[in-house]
Amino acid sequence: MFPERLSRLPPYAFPRLRALLDPIEAGGPAVHMTIGEPKHRFPDFVPEVIHQHSSGFNNYPVNEGMPELLEAIGTMLGAHSGLTLNAQEQVVALNGTREGLYNAMMALAPETKNGQTPLVLMPNPFYQVYMVAALSVGAQMMAVPATAQTGHLPDLDAISAQDYARTTVFYICSPSNPQGAVASEAYLRDLISRAEQYDFKIFADECYADIYRHTRPVSAMKVAQDMGADPDRVVIFQSLSKRSNVPGLRSGFAAGGVQSIARMRQLRAYSGAPLPMPLQHAAAALWADDDHVVVNRTKYQEKYNIADRIFAQYPEYEGPQAGFFLWLRVRDGEEAAKTLWQRTGIRVLPGAYLAQGEGAQNPGQGFIRVALVEEDHTKLQTSLEQLRDCMVHEGHVG
């Protein structure tokens, strides 16, 4: 006997990709441009801090995050996003952000709304944890198309008043994965106004906030504060994985209203896996240091320029505003991925694997996602040129 609520889950993107490509012989040395796993060097002080505090492995960790870690996060949010908050009450440490994006639904989403099954809204394409979180609490999910026509963000006017009325949570990702779009202050004000009107929470995934072209993306929590919205209206999520190139450290946080964070902490006390204390010390040092973040961001800005030059004549090319993915138009994402692998050894992710819908109803169907994580710019340029030439010559674009 197994639960029915998760029976509708499709295969996860990367096992699905392996099933698609592994039976095919690669056409060259493997070049992995699928997963968003940063390859830039992380700061030298990380292992030093872990070593200095290694005796902490002998102790159970502080579940919500040690005070020094929470304070470092709060100081960073104040300096970078202009937020005013009490970090000791409004921040909770996470093992990365995926578990937080999932468990926030468990802790904060009501079982019903207005006597109806609750609705959870999210962009389409979307980070897959949004979907499984909605299903896990018995909610109905609605994936709202985020296409070029809507600025790669959900069209807020396309959602009916009836649907807003039974919405409990709206997931928004800015900068967005996979398109690299950034929500403007005006867009976030509109979304928060609707959340206030219809009484739903906003879970703002801001994991790519430190990787951008020109101007730091505005935080949804800052906009909510400026509007005087309910302090528990918005919960934001950030991670060290992309900011500091330490995806294996598994360190992130959620910040929000006092009541929201208290409920998330209570759930974590029962079911969370706290970050080991030596890693909390390393995380605190990373959140407190901006120098390595500037270096990291500059490398990605140089990659944006490389991609812009290479794809200048590529049909419907849009360089990302932020993040580190290219979202490239092709005729069919799966066929393009197979051709690339077979002809060049370059491995990319079909866009449909990140979205919901069948065939043409899937907004990712005609795209591939390409991760710009290679640190060597010469290798990256060569790979992108190969990718472009293969797509054009094999008739996958145009």
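The values are calculated or read from the model by the stated rules, or taken from the named source; none is laboratory data. Note that the structure is a prediction, hence the values are computed from the model and not measured. Positions of Cβ are generated from backbone atoms using ideal geometry, with glycine treated the same way; all protein chains shown enter the neighbour counts.
Kindly evaluate Gln88 against the criterion of being farther than 14 Å from Gln280 by Cβ, modelled with pLDDT of 95 or more and not assigned by TED's automatic domain parsing to the domain that holds Lys303. When the stated conditions are applied, Gln88 passes them. If only residues of the range 216-251 that are out of contact with any helix residue (DSSP H, G or I) (no Cβ under 8 Å at 6 or more places or on another chain) and part of a helix (DSSP H, G or I) are counted, the one that is surrounded by the most Cβ atoms within 10 Å (Cβ to Cβ) is Lys242. Considering Glu385, Glu316, the condition of being of a type outside the set (Lys, Arg), under 24 Å from the mean Cα position of the chain (by Cα) and surrounded by fewer than 24 Cβ atoms within 10 Å (Cβ to Cβ) is satisfied by Glu316 alone.
Of the helices (runs of 4 or more DSSP H) lying entirely inside the range 81-151, those carrying at least 2 residues that are under 21 Å from Ala183 (Cβ atoms) are 98-108, 128-136. Within the range 53-93, no residue satisfies the criterion of being crowded, with 23+ Cβ neighbours inside 10 Å and free of Cβ contacts under 8 Å to residues at least 12 places away in the same chain. Listed by position, the helices (runs of 4 or more DSSP H) enclosed by the range 252-333 that each have at least 2 residues that are free of Cβ contacts under 8 Å to residues at least 12 places away in the same chain and either in contact with a helix residue (DSSP H, G or I) (Cβ under 9 Å, 6 or more places away or on another chain) or outside the structural domain of Ala72 (by TED's automatic domain parsing) (or both) are 291-310. Among the residues of the range 149-188 satisfying the criterion of being out of contact with any helix residue (DSSP H, G or I) (no Cβ under 9 Å at 6 or more places or on another chain) and polar (S, T, N, Q), which is nearest to Gly82 (Cα to Cα)? Taking the candidates together, the pick is Ser184. The residues of the range 154-184 that are assigned to a helix (DSSP H, G or I) and surrounded by 15 or more Cβ atoms within 10 Å (Cβ to Cβ), listed by number, are Leu156, Asp163, Tyr164, Ala165. The residue that is surrounded by the most Cβ atoms within 10 Å (Cβ to Cβ), counting only those in the range 131-146 that are within 17 Å of the chain's Cα centre (by Cα) and touching a residue at least 60 places away in the same chain (Cβ under 8 Å), is Ala146.
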